[in-house]
Ligand code: SF4
């Protein structure tokens with residue numbers, strides 16, 4: 001496993017998947033807060049460099065440097081959803097002004113090291129990359145100073161267990177000569193105030209032990225589970241995070257309210273369709289029963305027309321040739337006798353007609369079953385038309401109400 005930095009660990013604690021994407025992605029991006037932090041720290045390094053050389057940077061020079069570094073960092077930055085880039089830029093400028101206030105307090109002669117980067121070995125065979133903003137002497141103490149650009153939301157409560165500061169102090173104690181009385185100092189650039197505490201070796205070594213255990217746990221992680229919460233909207237890796245993208249797809253595909261409406265509407269329509277089908281079956285059954293009575297009456301009266309009040313019923317009997325379901329034999333016969341091209345292969349209507357008329361090939365006619373059907377046609381003589389058409393048209397359209405009847409009629 002590569003040597004982790006404190007920034008890696010902070011990222012892992014917030015979301016293991018974000019850490020994995022930050023080290024594995026080909027399109028590495030940083031957040032707006034990281035952009036602000038990097039631009040301020042590069043400005044700090046520039047200003048400290050000038051200070052120790054005895055050529056203090058003016059505020060205007062520091063702000064110019066900050067703008068330059070901000071522009072460079074923005075090329076690698078992916079702002080969060082709804083984040084205001086200009087607002088972050090202004091907050092970074094304010095951080096630089098407060099940093100200048102802190103630097104005004106000394107000429108820099110006490111600085112031992114600044115913008116330090118190194119690797120600290122830890123118990124159990126692990127190590128960590130450290131970065132320290134400033135180390136300076138104050139009397140007999142060595143102060144390890146950390147500038148904080150993030151909003152001070154709960155940060156102060158965590159200082160008593162700030163593993164990063166303690167392990168950084170451990171590095172300073174072993175690496176810088178004469179550093180045996182250590183002070184940890186935190187300078188808050190969002191507010192301009194600072195706090196500090198003495199730290200002793202057992203406390204630093206305990207922090208190193210805890211840090212090593214944490215790094216070992218990270219090294220064993222194979223899954224890097226995503227932590228999906230509101231902070232995902234500001235995550236610079238969200239465009240590569242499948243877990244986050246899938247939640248977006250679910251949200252974008254259909255808002256929950258719209259899904260609820262569709263489900264309710266479908267259930268209502270389904271119930272209506274089932275009810276209508278039942279009603280249709282009842283009506284058809286009733287119509288068949290009435291039709292059977294009318295046909296019986298017409299037979300007894302010796303007529304194919306039954307007149308009612310404004311409506312007449314025409315009863316038409318016809319023969320129907322039913323071809324077998326499996327038409328292999330029919331087709332073979334048609335082909336063998338050269339009739340195949342002469343009949344409709346779509347519905348055999350002409351063939352059926354020829355069979356009924358008795359002019360079809362006798363061999364094929366024997367394969368068909370002839371049945372007798374009865375059609376009933378409704379004719380309205382006056383008043384409202386059926387199906388919304390005029391009475392004159394009704395006679396034509398009423399054919400749609402024809403119902404095939406069984407040959408028993
Ligand atoms: S989008 Fe959310 S879950 Fe995905 S990596 Fe970023 S913080 Fe983690």
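Since every read-out is calculated from the coordinates, none of them should be taken as a lab result. Nothing here was measured: the structure is a model prediction, and the numbers come from that model. Don't worry about glycine lacking a Cβ; one is built from the backbone with ideal geometry, like all the others, and counts go over all protein chains shown.
Summary table
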quantity: The stretch 44-89 and the stretch 221-276: distance between their alpha carbon centers, rounded to Å; calculated: 41
quantity: Most mobile of 266, 340, 297 in a GNM of the chain (Cα contacts under 10 Å); calculated: 340
quantity: For the stretch 140-278, the Rg and Dmax computed from alpha carbons only, in angstrom; calculated: 27.2, 97
quantity: Protection proxy ranking, peptides 278-286, 103-111, average beta carbon neighbours within 10 Å, highest first; calculated: 103-111, 278-286
quantity: For 159, 32, order by how many other beta-carbon atoms lie within 10 Å, fewest first; calculated: 159, 32
quantity: Sequence-separation-based contact order of the chain, relative, with Cα cut under 8 Å and 6+ spacing, percent; calculated: 13
quantity: Span from the the stretch 152-188 Cα centroid across to the the stretch 297-312 one, whole angstrom; calculated: 109
quantity: Cα-derived Rg to Rh of the stretch 110-221, Kirkwood definition; calculated: 0.96
quantity: Exposure proxy ranking, count of Cβ atoms within 10 Å, fewest first, for 237, 117; calculated: 117, 237
quantity: Computed [θ] at 222 nm, helices only, for the chain once each DSSP H run of length n ≥ 4 contributes -39500 (n - 2.57); calculated: -16000 deg cm²/dmol
quantity: Cα-derived Rg over Rh, computed across the chain with Rh taken as Kirkwood radius; calculated: 1.49
quantity: Taking the C-alpha atoms of the stretch 31-108, convex hull volume expressed per residue in Å³; calculated: 70
quantity: Shape category assigned to the stretch 78-160 from the gyration tensor of Cα positions, a/c cut at 1.5; calculated: oblate
quantity: Gaussian network model of the chain, springs between alpha carbon atoms under 10 Å - residue of 81, 268, 194 with greatest fluctuation; calculated: 268
quantity: Of 39, 298, 150, the one that fluctuates the most in a GNM where the chain has Cα springs shorter than 10 Å; calculated: 298
